[in-house]
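Structure, as structure tokens:
Taken together, the values in this text are just the output of simple stated rules run on the coordinates, not laboratory data. Since we're looking at a predicted model, the values are computed, not measured. Note that each Cβ is placed from the backbone with ideal geometry, even for glycine, and that neighbours are counted across all protein chains shown.
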Amino acid sequence: MIDLNVLARVPLFGGLSSEELELVAAKAVRREHDRGAVIFFEHEPGDAMYIIEEGQVRIYRVAEDGREKTLALLSEGDFFGEMALIDDEPRSAIAEATEPCVLLAIHKRDVHSLIQANPSIALSMIQGLSRRLRETNKQLMDAVFLDVRGRVLRLLLDLDRRYGRPCAEGRLIDIRLTHQELANMVGTSRESVTRVLTELQDVGALGYAQRHRMWIDRRSLEEYMEQVGA
Ligand code: CMP
């Protein structure tokens, strides 16, 4: 049985009463995935949407030459896989567990009946989609108007806003991040990302912590941005 306290903390279900949460709990199925497991592939038909109870999921697409573009990194409380259920099109991207994950899966027919019975779920879903569109617009502007250094710097500040917490050196960005992963997010090569991160390390604006984490010192980072005109 799914813990109602877990469901109550999911923003998508924020407006539901405890009776309504019980209905959701009765429909949801808990699934566990190891790190690296693909939850679904692009172009597959979609029969369920997912809520992340624990862990981290990367949403990405692969270009014809094999390069990957990360569209989003999702974490606890986020949902994904709703688009194919709403527009009846195939999956628009790949979803992969980048940390061991506990997911709650809700079948398509149950998603439809929950939305019809609870306008607050529909509203939360639209809010989630709007947030994503804003984020995508921002990424589009950065891709068109910023160079690689500017994009990496902007991304680090964004990741700090989302995942940062205070630590001895400044702010720990508390998600697993490799240079390749940052490159997939900003749409460049791993080597270019490494070059920018080395510059940042040299001015004391960035360093590495355990478990593939990075820390940043916001003030040094912002000073550096001003210096290089980013
Ligand atoms: P669906 O198309 O069913 O499968 C892939 C999922 O990835 C999609 O639903 C969304 O939940 C999610 N997704 C697709 N594009 C983005 C994006 N730009 N930002 C965040 N999530 C996305």
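In the chain, the longest principal axis of the Cα atoms and the axis of helix 119-145 are about 20 degrees apart.
Which one of SER124, THR188, GLN227 is farthest out on the positive end of the charge dipole of the chain, using unit charges on Cβ (Lys, Arg +1; Asp, Glu -1) and the Cα centre as origin? Selected residue: GLN227.
Our coupling estimate for region 223-230, obtained by passing each phi through the Karplus curve with A = 6.51, B = -1.76, C = 1.60 and θ = phi - 60°, is 4, 5, 4, 5, 4, 8, x, 8 Hz, Gly and Pro reported as x. Candidate cross-link partners of LYS27 among the lysines, defined by an alpha-carbon separation under 27 Å and a same-chain spacing of 8 or more, comprise LYS108. Axis of helix 108-117 versus longest Cα principal axis of the chain: the two differ by about 80°, to the nearest ten degrees. Across ALA93, ALA84, ALA63, mean-square fluctuation computed from a Gaussian network of the chain (C-alpha pairs under 10 Å connected) peaks at ALA63. Under the convention that each Lys and Arg Cβ holds +1 and each Asp and Glu Cβ holds -1, the size of the dipole of the chain around its Cα centre is about 360 debye. Bridging of LYS69 to aspartates and glutamates at a Cα separation below 19 Å is possible for GLU42, GLU44, GLU96, GLU99, GLU135, ASP142, ASP147, ASP158, GLU181, GLU191, once same-chain residues fewer than 8 apart are set aside. Please give the Cα centre distance for region 174-206 versus region 1-80, rounded to the nearest Å. About 27 Å separates the Cα centre of region 174-206 from the one of region 1-80.
Note that region 1-153, at 4 °C in a medium of 1.567 mPa s, gets a Stokes-Einstein diffusion coefficient of 79 µm²/s from its Kirkwood radius over C-alpha pairs. Taking label points 7 Å from Cα along the Cα-to-Cβ direction, ALA26 and GLN210 give a separation of 4.5 nm. Take the Cα of ARG132, step 7 Å toward its Cβ, do the same at GLU226, and the gap between the two points is 3.9 nm. Pick out which of GLU82, GLU54, GLU169 has the largest mean-square fluctuation in a Gaussian network model of the chain, springs linking Cα atoms closer than 10 Å. Result: GLU169 has the largest fluctuation of those listed.
Its relative contact order, with pairs defined as Cα atoms under 8 Å and 6+ residues apart, puts region 52-163 at 24 percent.
Taking Cβ atoms as reference points and 13 Å as the exclusive limit, the residues near ILE51 contribute a net charge of -3, counting Lys and Arg as +1 and Asp and Glu as -1.
In region 186-221, which trypsin sites (Lys or Arg not before Pro) are in a loop and have at most 13 other Cβ atoms within 10 Å, using DSSP for the loop call?
On the way: sites: ARG190, ARG195, ARG211, ARG213, ARG218, ARG219; in loops: ARG211.
In loop regions of region 186-221 (DSSP not H, G, I, E or B), the sparsely surrounded trypsin sites (Lys or Arg not before Pro) are ARG211.
For region 51-63, putting each phi into the Karplus relation 6.51 cos²θ - 1.76 cosθ + 1.60 with θ = phi - 60° gives couplings of 10, 8, 7, 8, x, 9, 10, 9, 9, 8, 10, 10, 6 Hz, in residue order, rounded to whole numbers and with x for Gly and Pro. Using Cα-only point scatterers and the Debye equation, what is log10 of I(q)/I(0) for region 59-117 at each q in 0.15, 0.21, 0.26 Å⁻¹, rounded to two decimals? So the normalised log intensities are -0.56, -0.97, -1.21. Along region 34-41 the Karplus relation, 6.51 cos²θ - 1.76 cosθ + 1.60 evaluated at θ = phi - 60°, assigns HN-Hα couplings of 6, 4, x, 6, 8, 7, 7, 9 Hz to successive residues, with x for each Gly and Pro. Per residue, the chain reaches -14000 deg cm²/dmol at 222 nm when only DSSP H runs of four or more residues are counted, each adding -39500 (n - 2.57). Taking 0.36 nm per residue of sequence separation and removing the Cα-Cα distance, the HIS112/GLN201 pair yields an extension gain of 27.1 nm.
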